[in-house]
Number of protein chains: 2
Amino acid sequence: MQQVADRAGVSIATVSFVVNGTKYVTPATTARVKAAMRDLKFRNNVVARALASRRTRIIALLFPTTGNRFSPTTSEFFMAAAERASERGYHLVLWPVDPAGDDLDDLVSGGLVDGVVLMEVRMDDPRVAKLSELDVPFTLIGRTRDSSGLPYVDIDFETTIEDSLDHLEELGHRQFGLVLEDLAGTPMDGYAPHLRVEATFERSIADRGLTGTVVYSESGSEGGREAARELLEAAPDVTAVLIMKDDSSAGLLVGLYAAGRRIPEDVSVLSIASSGAAGDQHYPRLSTMVAPGRELGTRAADALIEQLDGTSADLPHFLLPCVLRPAESTAAAPRSA
Amino acid sequence: MQQVADRAGVSIATVSFVVNGTKYVTPATTARVKAAMRDLKFRNNVVARALASRRTRIIALLFPTTGNRFSPTTSEFFMAAAERASERGYHLVLWPVDPAGDDLDDLVSGGLVDGVVLMEVRMDDPRVAKLSELDVPFTLIGRTRDSSGLPYVDIDFETTIEDSLDHLEELGHRQFGLVLEDLAGTPMDGYAPHLRVEATFERSIADRGLTGTVVYSESGSEGGREAARELLEAAPDVTAVLIMKDDSSAGLLVGLYAAGRRIPEDVSVLSIASSGAAGDQHYPRLSTMVAPGRELGTRAADALIEQLDGTSADLPHFLLPCVLRPAESTAAAPRSA
């Protein structure tokens, strides 16, 4: 450190301020210190600092390695959380982890990250138990079955589904379909958003005295086409379909067209927990319950950083519903319905 | 370390093998050592190891923080590189960085990563100069203007465009359009794939004695619709359009329909450097020059790890063209053309 100070022509204290970010140093001086560190190959300062302070100021957003689950909405969560972390002096990285959580131990015990944000949470997620056991600060984007003692931010799927049904019921629809991705037997089996959406749909449809049919689709466009066939076979009179799977929406539309249904004249389609940009990819543009990805990503970063900095002792429990963006795929139910 | 050894009932050497991964230890013993470390809150072993060996076995895939550029193809690069790194005993994380490269210094001088893979490379990318200056092992997914002295893997855009024109010329097309995203004035200005694609298109169209029009589109569906309007205004007789922007393809189709063009009867559309799954999202399904995302991601991880492990002294220069997947959006040129 003395060598760096000498070369940069500053005090050791100043070098320490730059290295540890503990006090304001002018950009010019900072640049001089950094140049000296570079010249002297003074590497590993963050590592050294981490060893001293047990802090790296790196937080990891854990994302499952399985399947191709990185959707535009995921990207929104990630970019918003990364921006927020950066504003608050942390660096957020996306860290692929095994869905069973077998590699969490290495990551967390390694001391390389100060805390983690967990995404794509299942109802009984083994990774949540592991994180609790490892005693590392964490926040969930999502909720397990019982999250009362855990810090989380999540989409309010219950309100989202009620609002979706309100919108379509007001348009005169009585016969509903719901398309969800079939995750049975995959590592993502028990994916909490699906279970909450399905349970709310079933209950609310019954409470409202409506008719509802749930179909599980394979992923991708082909899965959407097959879902349309299955749905129309099980419920030929369906006039309103909710779908929560971006990459199957196009196939669903094509499958409905292929069966002679016009959209929205014969069947209304509402995309759940997606984005306006994704809805605009379709013809007709999909009416969408827009996921608050940016706000939840920001809140998740805030919640974790407040734990790390000790600035808040509250356990964050933050739910935000999707917001309806009406477009061209929902309209009044056909008169015959 | 002695405490951990005592608690796990093993020698200090065994603890060291587990911590440093330098020798095979049975799963049962490994579990015992890890449990003891956990019980004793023996954290920071990776950090300590890094300080000792100057290695963390973490590599970072650098991705620009600007815009919403995380496409399904990007996701393929990332997931493939992460899987490959994991197979070879490294952990790959996605690290958002400023496109100007101003935060690279902190990341790399910090010693937290052993090496980096840089994506979304521009022709004169300031980040490449910074990485060279910082003396950190790196590999590019992409190429700068002169990459002869740099390790890279990239899509062979030149061959991709020639193959695209071959396919469409064989179908009788003579009037071509090319739609690229307008990045002028954004931090991604000078994005190398665009410049290579455009230069190859212009040159090859001239060599072949064909007619070609280039249109720059805003991003998203609306940008695609506007691109269709502009293209048809500039070249009303166009019968074949190449588009290299996933999120504007849907808008392009809608814009062509709106102007009374049927696809593929009147106009063929070919999506460049995208994926089959993305092509299947459209109606009709888009014929696609499929980006070799998985193979390039794997190769990029290999190239970096071989530098790090010193197992290869070769400078990797690996180019792979996109492969044509014909679908429903390309067909013989209309007779009148």
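The values are calculated or read from the model by the stated rules, or taken from the named source; none is laboratory data. Since this is a predicted model, take the numbers as computed values, not measurements. So basically every Cβ, Gly included, is an ideal-geometry build from the backbone, and we count neighbours across all protein chains shown. These area figures cover heavy atoms from the full protein model, side chains too; ligands, DNA and RNA do not enter into them. Shrake-Rupley method; radii C 1.70, N 1.55, O 1.52, S 1.80 Å.
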Handout entry: Residue that is nearest to B:K245 (Cα to Cα), among those in region B:99-128 that are more than 9 Å from every other protein chain (Cβ to nearest Cβ) and of a type in the set (D, E, K, R)
Key = B:E120
Fill in the blank from the handout: Of (1) open to solvent by 50 Å² or more (accessible area, probe 1.4 Å); (2) modelled with pLDDT of 90 or more; (3) facing another protein chain (nearest Cβ under 8 Å), B:R84 fails just (3)
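Between A:L168, A:L180, which is more than 20 Å from the chain's Cα centre (by Cα) and among the hydrophobic types (A, V, I, L, M, F, W, C)?
Working: A:L180 fails: more than 20 Å from the chain's Cα centre (by Cα).
Of the residues listed, the single one that is more than 20 Å from the chain's Cα centre (by Cα) and among the hydrophobic types (A, V, I, L, M, F, W, C) is A:L168.
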Problem - Of all residues making up region A:286-302, the number that are open to solvent by less than 10 Å² (accessible area, probe 1.4 Å) and in a helix (DSSP H, G or I) - result: 5
Problem - Test set (1) in a helix (DSSP H, G or I); (2) away from chain A (no Cβ under 14 Å); (3) in contact (Cβ under 8 Å) with a residue 40 or more places away in the chain - B:G224 fails condition number - result: (2)
Fill in the blank from the handout: Those residues of region B:218-244 that are open to solvent by 40 Å² or more (accessible area, probe 1.4 Å) and within 11 Å of B:L256 (Cβ to Cβ) come to a total of 1
Completion exercise
Scanning region B:70-97 for residues that are at negative phi and not in a helix (DSSP H, G or I) gives B:F70, B:S71, B:R88, B:Y90, B:H91, B:L92, B:V93, B:L94, B:W95, B:P96, B:V97
Problem - Single condition A:T330 does not satisfy, out of (1) at pLDDT 95 or above; (2) of a type in the set (S, T, N, Q); (3) touching a Gly at 6+ places or on another chain (Cβ under 7 Å) - result: (3)
Completion exercise
Checked region A:272-327 for anything free of Cβ contacts under 8 Å to residues at least 40 places away in the same chain and under 18 Å from A:E76 (Cα atoms); matches are A:Q281, A:T288, A:V290, A:V323
Problem - Answer residue from region A:245-267, given it is of a type in the set (A, V, I, L, M, F, W, C) and surrounded by 24 or more Cβ atoms within 10 Å (Cβ to Cβ) and is farthest from the other protein chains (Cβ to nearest Cβ) among those - result: A:V267
Completion exercise
Expected single match for of a type in the set (A, V, I, L, M), in contact (Cβ under 8 Å) with a residue 12 or more places away in the chain and surrounded by fewer than 24 Cβ atoms within 10 Å (Cβ to Cβ) among B:L61, B:L112, B:L150 is B:L150
Problem - Considering residues of region A:27-56 that are at pLDDT 75 or above and buried (at least 21 other Cβ atoms within 10 Å of the Cβ) only, the residue nearest to the other protein chains (Cβ to nearest Cβ) - result: A:T56
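What are the residues in region A:288-337 that are under 30 Å from A:L171 (Cβ atoms) and of a type in the set (S, T, N, Q), if any?
Scanning region A:288-337 gives A:T288, A:S329, A:T330, A:S336.
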Fill in the blank from the handout: If we keep only residues of region B:303-336 that are of a type outside the set (D, E, K, R), under 30 Å from A:E222 (Cα atoms) and within 20 Å of the chain's Cα centre (by Cα), then the residue most open to solvent (accessible area, probe 1.4 Å) is B:V323
Handout entry: Every residue from region A:268-296 that is more than 16 Å from A:V323 (Cα to Cα), hydroxyl-bearing (S, T, Y) and within 14 Å of chain B (Cβ to nearest Cβ)
Key = A:Y283
Practice task
Take B:L134 and decide whether it is surrounded by fewer than 21 Cβ atoms within 10 Å (Cβ to Cβ), over 26 Å from A:L62 (Cβ atoms) and facing another protein chain (nearest Cβ under 9 Å).
Solution key: yes
Practice task
Inspect region A:185-194 for any residue being modelled with pLDDT of 95 or more and out of contact with any Asp or Glu (no Cβ under 6 Å at 6 or more places or on another chain) and give the result as yes or no.
Solution key: no
